[in-house]
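Okay, structure first, notes after.
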Amino acid sequence: MLPMLTVREIKKCLRLLMLHRLRSFLSTLGILCGVAAMIAMLAIGEGARQETLEQIEQLGMNSMIIRDYSMSEEHRAQAAESKSRGLTMSDADALAKNLPMLASYVPIKTVEAALIGAHVQISPEILATNRFFGEVKGLQLSEGRFLCDMDQKGKNLVCVLGSEVARELGKEGHIGHALRLGEKAFEIVGVLKSIKWKGSRNSFNATRNLDKTILIPLGSEQGTGNFLRGDADRLSEIILQLQPMQNMSEASMLTKKVLDAGHGGYEDYQIVVPQELLRQANRTQQTFNLVLGGIAAISLLVGGIGIMNIMLATISERTREIGIRRAVGASTRHILHQFLLETLLLTLVGACLGVLLGVGFSMLISWIAGWRMIVTFWSIVLSLVMAVFVGIFSGLYPAYQAARMDPILALRSN
């Protein structure tokens, strides 16, 4: 039974605890560390979850991505036997004809051309693509326009710059100026607004930093330099934008069926479904949070055991006090409330200090290591609730031992 938290009883318990400050502090130390560890661990997990979510969202939640597979010489020979030329525009056209749920598609070709004549040494990624690239990626312009159908049909020598490329080029990075890519000069027709790019070490959900790219119309890249692996018709990636509310699993199976037919059954491509990546990330994160929460719960349990030991020692020292209180009319319930309230106060003080330490430690780690740490309200509430539960559980046995003590024997003790 929980004690009645009256102001008078709280003041009395605090006064008794302050008589032994060092012992009281050591009692709260385990709870303090346990709460701080729980908040810091959950902050790491939440930060990792948010970063993964943002990385996957950059891929497009209502889209699929088909990527060219980097092959060894042996695999290329096997692909040649299957009459597969890798990922090409023929694949994009076949998917457009055979996928009824397709809203638009974006072929992307990586062009390995040098930026010539710039007054600064920069190495942007050059992508040849179509007008749907900006729509699928949700890009916005700070000036000028984006690529259009006429640019692709006419193979116009125009380009759109990422914000960082434009900034590094200075005065030459505005619309109306020309950039020399390989052997051709491309007129700048647009500059993108900066985006919050999130890098990833995972190759499956790796995203490009579009602030460091130059976009040109597909087809205009011929003569600018080397294409991806030397094949002028080879694509590095195809993004499929699906209509809303489509079954991603069904669309993925149909996409694989179409590609297998054009590649002779040889799988020299990768299909990435952002929605599936998100589900996998959420499942992994739930497991990760359970593990971290379990570790922190063990820390709290150890802290609770420490409080129990201190309270048992305290009761043995205050045996005569318990006998006097019983002799003047205190019931077993009063004794139980007193020691349970002392335990609860120790736990609450340790938990509050642990919250402050956990938040501060999370901020420090984020600043030093550069990790993203997010302290959520629910993690603080969960830590406090668990700490209180552990404190009450730890104090029940010592309080019960004190309450059931024989008052006569207690008065006889020295």
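Laboratory data are not the source of any read-out in this text; all were calculated from the coordinates shown. No experiment lies behind these values; they were computed from the predicted model shown. Cβ: placed from backbone, ideal geometry, glycine included. Neighbour counts: every protein chain shown.
For a Förster distance of 56 Å, can you work out the FRET efficiency between the beta-carbons of GLN222 and MET253, rounded to the nearest 0.05? Don't skip to the end; give the middle numbers.
Details: r = 35 Å, r/R0 = 0.63.
In this case the efficiency is close to 0.95.
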Listed here are the pairs LYS155/LYS257; LYS137/LYS212; LYS109/LYS212; which of them are more than 26 Å apart at the Cα? LYS155/LYS257
Sum of side-chain charges, LEU179 neighbourhood, beta-carbon under 10 Å (Lys, Arg +1; Asp, Glu -1): 0
Range of Cα positions in the stretch 103-164 per principal axis (Å), largest first: 40, 24, 18
Measuring from label point to label point, each 7 Å out along Cα→Cβ, what is the ARG404 to SER316 span in nm? 1.8 nm
How long are the semi-axes of the equivalent ellipsoid of the stretch 323-373, defined as square roots of 5 times the Cα gyration tensor eigenvalues? Whole Å, largest first. 45, 7, 5
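Assign one of three labels to the stretch 229-363, namely rounded, prolate or oblate, based on the Cα gyration tensor with a ≥ b ≥ c the square roots of its eigenvalues; rounded applies when a/c is under 1.5, prolate when it is not and a/b is larger than b/c, and oblate otherwise.
Working: a/c = 5.35, a/b = 4.27, b/c = 1.25.
The shape class here is prolate.
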